[in-house]
Amino acid sequence: MISPHPWLEHLRRHLDVARLGRDPEGVHQMRVALRRLGAWLHLGGWRVLADDIGWLRRNAGAVRDFDVLLERHPKEPLGPWLSRRRERARGALLAAIDAPRAAGLLEALSLAPPLDPDRARTALEGLAHRVETRGKRALESAHKPKEIERWHALRRALRQLRYGMEWLELPTKPLRELQDELGELGDLAVLQRQLREYPEQRHVAEIAAQLEHATERALGNARAGWRERHDAVLAAVPRTRPWTST
């Protein structure tokens, strides 16, 4: 039987680090723990806490996205503007961490029963099917904004599959490699969303042009990475019966 307690304790420790705000790794590890616990809930078929996990993870993710962007663009004109937006996101995160809803989530997770490996393996097959389907849809996209979102959706599905496999102590090297290759496109998509909201577009025109070129390159890498690693990713997943793409 597989218990969530190791990652629950990881979450508790990094909630305190995130609350202090001195080390950005606190927010990052908080989000990682929430994602892993979300995968654990999915493998067990326990949907009752999924909304609470997602709510706290999104609050952490908003701060983490700004941390990543500020590493790339710490100076004028974007840096100060991103910093102000990060502070607002951090305020929302602190309120979430200290909310009764977060305390209730931690308590519920501490009382959750261990995971049944047989039930988990069946759920894992469903996650693999989702990865295959989303990869096919991403390759079929012709409209750039939709294609970017579809590659991002594939990366989310791939990450959940990877975490599910790690709960079952299965090797995940091809999944980690593909996830890393898709990561650049995800970071660029976050920056694009922020740039669209910048109040003085003429001041970021050069950054927007550079971003356009970087996005084209990242899309090409995503397509090539999926074609190259598709078979290895799906072969890594143990299954009791074959599935077909939809």
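The values are calculated or read from the model by the stated rules, or taken from the named source; none is laboratory data. If you're wondering where the values come from, they're calculated on a predicted model, not measured in any experiment. A quick note on method: Cβ atoms are made from the backbone with ideal geometry, for glycine too, and the neighbour counts reach across all protein chains shown.
Just checking, does segment 41-64 include any residue being at pLDDT 95 or above, touching a Pro at 6+ places or on another chain (Cβ under 9 Å), within 15 Å of LEU191 (Cα to Cα) and not assigned by TED's automatic domain parsing to the domain that holds LEU211?
Among the residues of segment 41-64, at least one is at pLDDT 95 or above, touching a Pro at 6+ places or on another chain (Cβ under 9 Å), within 15 Å of LEU191 (Cα to Cα) and not assigned by TED's automatic domain parsing to the domain that holds LEU211, which makes the answer yes.
Just for segment 24-58: of the residues that are among the small types (Gly, Ala, Ser) and farther than 16 Å from PRO6 by Cβ, which one is surrounded by the most Cβ atoms within 10 Å (Cβ to Cβ)? Walk me through how you get there before you give the answer.
Looking only at segment 24-58, we keep the residues that are among the small types (Gly, Ala, Ser), and these are 26, 33, 38-39, 44-45, 50, 54.
With farther than 16 Å from PRO6 by Cβ added as a condition, the list becomes 26, 45, 50, 54.
Working: GLY26: 21, GLY45: 12, ALA50: 12, GLY54: 14.
Taking the candidates together, the pick is GLY26.
Can you tell which of LEU70, LEU15 is within 20 Å of the chain's Cα centre (by Cα), surrounded by 20 or more Cβ atoms within 10 Å (Cβ to Cβ) and assigned to a helix (DSSP H, G or I)?
Values: LEU70 fails: surrounded by 20 or more Cβ atoms within 10 Å (Cβ to Cβ).
That would be LEU15, the only listed residue that is within 20 Å of the chain's Cα centre (by Cα), surrounded by 20 or more Cβ atoms within 10 Å (Cβ to Cβ) and assigned to a helix (DSSP H, G or I).
Here is a list: ARG84, ARG64. Which entry is charged (D, E, K, R), buried (at least 21 other Cβ atoms within 10 Å of the Cβ) and either over 25 Å from TRP167 (Cα atoms) or free of Cβ contacts under 8 Å to residues at least 60 places away in the same chain (or both)?
Numbers: ARG84 fails: buried (at least 21 other Cβ atoms within 10 Å of the Cβ).
Criteria check complete, one pass: ARG64.
Consider segment 229-246. How many of its residues are under 20 Å from LEU139 (Cα atoms), small (Gly, Ala, Ser) and either modelled with pLDDT of 65 or more or not in a loop (DSSP other than H, G, I, E, B) (or both)?
Restricting attention to segment 229-246, the residues satisfying the condition of being under 20 Å from LEU139 (Cα atoms) are 229-235, 243-246.
When the remaining residues are screened for being small (Gly, Ala, Ser), the result is 232, 235, 245.
After this cut, where a residue has to be either modelled with pLDDT of 65 or more or not in a loop (DSSP other than H, G, I, E, B) (or both) as well, the list is 232, 235.
Looking only at that region, the number is 2.
Search segment 18-61 for residues being charged (D, E, K, R) and not in a helix (DSSP H, G or I), and hand back the single one that is nearest to the chain's Cα centre (by Cα).
Going through segment 18-61, the residues charged (D, E, K, R) turn out to be 19, 22-23, 25, 31, 35-36, 47, 51-52, 57-58.
Among the residues that remain, those that are also not in a helix (DSSP H, G or I) are: 22-23, 47.
Working: ARG22: 23, ASP23: 20, ARG47: 18 Å.
In this case the residue turns out to be ARG47.
Whether any residue in segment 147-170 is under 18 Å from LEU234 (Cβ atoms) and either among the β-branched types (Val, Ile, Thr) or in a loop (DSSP other than H, G, I, E, B) (or both) is what I want to check.
yes
Given the criterion within 19 Å of PHE66 (Cα to Cα), surrounded by fewer than 18 Cβ atoms within 10 Å (Cβ to Cβ) and under 17 Å from the mean Cα position of the chain (by Cα), identify the matching residue among GLU184, GLU177, GLU166.
GLU184
Run GLU200 past the list (1) over 20 Å from ARG36 (Cα atoms); (2) in contact with a helix residue (DSSP H, G or I) (Cβ under 9 Å, 6 or more places away or on another chain); (3) of a type in the set (D, E, K, R) and report the number of the one that doesn't hold.
Only one criterion in (1) over 20 Å from ARG36 (Cα atoms); (2) in contact with a helix residue (DSSP H, G or I) (Cβ under 9 Å, 6 or more places away or on another chain); (3) of a type in the set (D, E, K, R) is unmet by GLU200, namely (2).
So which residues in segment 102-142 are of a type in the set (Gly, Ala, Ser), within 20 Å of ASP51 (Cβ to Cβ) and in contact (Cβ under 8 Å) with a residue 12 or more places away in the chain? Give the steps one after another, and end with the answer.
Step one: list which residues in segment 102-142 are of a type in the set (Gly, Ala, Ser), which gives 102-104, 108, 110, 112, 120, 123, 126, 128, 135, 138, 141-142.
Checking the rest, the ones that are also within 20 Å of ASP51 (Cβ to Cβ) come to 102-104, 108, 110, 112, 123, 126.
Matches in segment 102-142: ALA102, GLY104, ALA108, SER110, ALA112, ALA123.
Return the only residue of ARG159, ARG176 being free of Cβ contacts under 8 Å to residues at least 40 places away in the same chain and of a type in the set (Lys, Arg).
ARG176
Taking the condition of being free of Cβ contacts under 8 Å to residues at least 24 places away in the same chain and surrounded by 19 or more Cβ atoms within 10 Å (Cβ to Cβ), how many residues in segment 143-156 meet it? I'd like the intermediate steps shown before the answer.
At the first step, the residues of segment 143-156 found to be free of Cβ contacts under 8 Å to residues at least 24 places away in the same chain are 143, 145-146, 150, 153, 156.
Those still in the list that are surrounded by 19 or more Cβ atoms within 10 Å (Cβ to Cβ) too: 150.
Residues flagged as free of Cβ contacts under 8 Å to residues at least 24 places away in the same chain and surrounded by 19 or more Cβ atoms within 10 Å (Cβ to Cβ) within segment 143-156 amount to 1.
State the number of residues belonging to segment 107-118 that are surrounded by fewer than 17 Cβ atoms within 10 Å (Cβ to Cβ) and either in a strand (DSSP E or B) or not hydroxyl-bearing (Ser, Thr, Tyr) (or both). Don't jump to the end; show me each part of the working.
Of all residues in segment 107-118, those surrounded by fewer than 17 Cβ atoms within 10 Å (Cβ to Cβ) come to 107-108, 110-111, 113-114, 116-118.
Restricting the remaining residues to those that are either in a strand (DSSP E or B) or not hydroxyl-bearing (Ser, Thr, Tyr) (or both) gives 107-108, 111, 113-114, 116-118.
Residues flagged as surrounded by fewer than 17 Cβ atoms within 10 Å (Cβ to Cβ) and either in a strand (DSSP E or B) or not hydroxyl-bearing (Ser, Thr, Tyr) (or both) within segment 107-118 amount to 8.
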